[in-house]
1. Using only atoms on other chains, find how many Cβ atoms lie within 10 Å of each Cβ of peptide B:151-163 and report the average.
2. Can you give the accessible area per residue of segment A:40-148, in Å², using a 1.4 Å probe?
3. Among all the lysines, which ones have a C-alpha under 29 Å from B:Lys166's C-alpha, if same-chain residues fewer than 8 places away are not counted?
4. Between 0 and 90 degrees, rounded to the nearest ten: what's the tilt of helix A:29-41 against the longest Cα principal axis of chain A?
5. Per 5 Å bin from zero, what fraction in whole % of the C-alpha pairs of segment A:211-289 is there, up to the bin with the longest pair?
6. How charged is the neighbourhood of A:Leu317? Take every other residue with its Cβ under 13 Å from the Cβ of A:Leu317, and add Lys/Arg as +1 and Asp/Glu as -1.
7. Could you work out the per residue convex hull volume over the alpha carbons of segment B:2-82, in cubic angstrom?
8. Working from Cα positions, state the angle (0 to 90°, nearest 10) between the long axis of helix A:3-27 and the longest principal axis of chain A.
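The values are calculated or read from the model by the stated rules, or taken from the named source; none is laboratory data. Predicted model, so just to flag it, every value in this text is computed and none were measured. Neighbour counts are summed over all protein chains in view; Cβ atoms, including those assigned to glycine, are modelled from backbone coordinates with ideal geometry. Side chains are part of the model used for accessible areas, which takes the heavy atoms of the whole protein and leaves out ligands, DNA and RNA. Shrake-Rupley method; radii C 1.70, N 1.55, O 1.52, S 1.80 Å.
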Amino acid sequence: MEAHHVSNLLVALLLLGAAATGRALWRNRLWREALTELWRRRRLSLLTIALFISVGLLDSVAWIGGEVAGEDLLASHEARSVIDRLFLKPAEGSYSAPFATHTFYNKQPLVAPAGHPFGTDILGRDVFHRTLKGVRVALLIGGFTSLIAIPLALLLGIRAGYFGGRFDDMVFFVMSTLASIPSLLLLIALILVLGRGTWQVCVALGITSWVGLCRVTRGETLKLRELDYIQAAKALGVSNGRILLRHILPNLMHLVIVTFVLLFSQLVLSEATLAYLGIGVDGSWGQMIDQARTELSREPVIYWNIAAAGAAMFTLLLAVNYVGDALRDILDPRTLREDA
Amino acid sequence: MLAYILRRLGYGVGVVFGVLFVLFVLFFQIATPDDIARRALGEKARAQDIEDWKANNGYDRPLWPWQDFRDNQLFTHYHSMLRFDFGRSDVDGTPIARRLREGVAPSLTITVPIFVLSLLLTVLLGLFVAFFRETYIDIAGVFLCVLGMSVSILLYIIGGQFLIGKLLHWFPISGFDLDPSVMLRFIALPVMIGVLSAAGGDVRFYRTVFVEETGRDYVRTARAKGAGELRVMLRHVLRNSLIPILTRVVVTIPFLFVGSLLLENFFGIPGLGSLTVDSIQQNDFRTLRVIVFVFSLMFIGGQIATDISYAAVDSRVRLE
């Protein structure tokens, strides 16, 4: 199977999974109330995130064939996504300003006059197109990393917190060891030894970020374990596995969701730092910013590359952070006290 | 108390051994000596050259102590690191310990001002926002914090250099000198950017801490006896919030030495951050291994110090 088939399949699975989760949450009264409250408070942010996710998904559905830009023979044999197909204009000669009709330096006429809302970069590629492609990369970094970090943290955290003993000591030791290595340095070391690339960066980010969540789930499980209803379940002879699945896990979900949302923005920011160090993910906004670094010292200034990538990243992270804040207020009962 | 300190120190030593083991797995097992040699010599290096390079740089012994207890990489790794015998760089052969020593001073000249200024500024701003909690000032303040947290440090640095260094010409765009008369001009911009880039998250954290404290009983008592709101905030809330503030602060102190990787690199400050970036770009694995170890060591030391001072203040901690 080729890469774009896998990607298409994943999109389908993701949509099905999201629909199933949404349905399950909607059936639960408390979750329905929380979600309605979230929508009431953060309508704009949620819509922004939905927009970004749609762009990311559209950029993940790809196939071969169809109309290509100009006489580009290479492109006609490559898998191109829906987003790629929206940009059928061939590349320009070099830099051009937003909505310009001529290239920036030697004033040659453009193939598509006034057709590039964010201008073109040094190789004449449409900056708007590159910015949109960055959405998928950002979501991939956040999503894939969470897929590594969250199950690991839940599995180890719950087991360690619930059963205690040797296993708990071991998990706690591993956590303190990993937490003792400054995270940026650990991240760099991991990527250097694993090699550079998308999945390597995600694995490295996953290894550095599961510790925080694991600590939270372990602590919360320790607390829950002592609660009366768990004791009652034990007295009634309910098996440990069933207690974990029915009673502990659902009571941790709100923490997992809040941590995930807040983690997401940190991951995207970390990737930007890594991109500057030359070990980021190809096509990310961080990489665009890094490449555009020297353009600000040109005369006259080339600003649109850095502005487009920076603005896209800022918008996504602002929306995510804002939703994360509201989610924490809604889901974490401790902060409800302020209303009383 | 002594028993607690000994136990805590013992655990700290255990963690140091754990960190060294993680480093060994990363830098010897996952990136094998062959990989390291190939990165240093290029992909097309001949097998003989790789063997020679490994022999010259001390990478030619077996990894694990299965055959010989002392003659292996694991033993050498632990032995040299724990004696602070860091050896020479894989790339240019300079002693790593010397480069670390040279880097400390430049790093501290920007991180200490950033640390002090940002602590003062963010605690004060946090107190200010918490003072006006549940008003429009509070909402606007928190919104500004979230705004600041959503911007990449890359943009802060590039934007700051462009705006203040290039357009306004207030300070030089980059450069460094340890001579005090000109140093200030060079460090002003990185310090400003360093303070600004971390302000959002810190202010919001301190605001949460302060707001949490204002809900406590002693605050109500203080108000009931007629203390003004300002006095309540400064005398009661601030003092009782010191523990969470200190926890956050102590954890960041070891990072003072790392400096800010990006700040140093962008502004051409020859500190430990620049050393780290250089070793990444040159694939200098040994230097990187030493840097990670040294900073982890400082970090562990900081944590032990925090825990022991907690135990000294709060006897409940000791009994756990």
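1. Average per residue, whole number: 6.
2. Numbers: 5750 Å² over 109 residues.
Per residue, segment A:40-148 has an accessible area of 53 Å².
3. A:Lys107
4. With rounding to tens, the tilt is 40 degrees.
5. Answer for segment A:211-289: a P(r) of 3, 14, 18, 14, 11, 10, 8, 7, 7, 5, 4, 1 percent.
6. It works out to a net charge of -2.
7. 101 Å³
8. The two axes meet at around 40 degrees.
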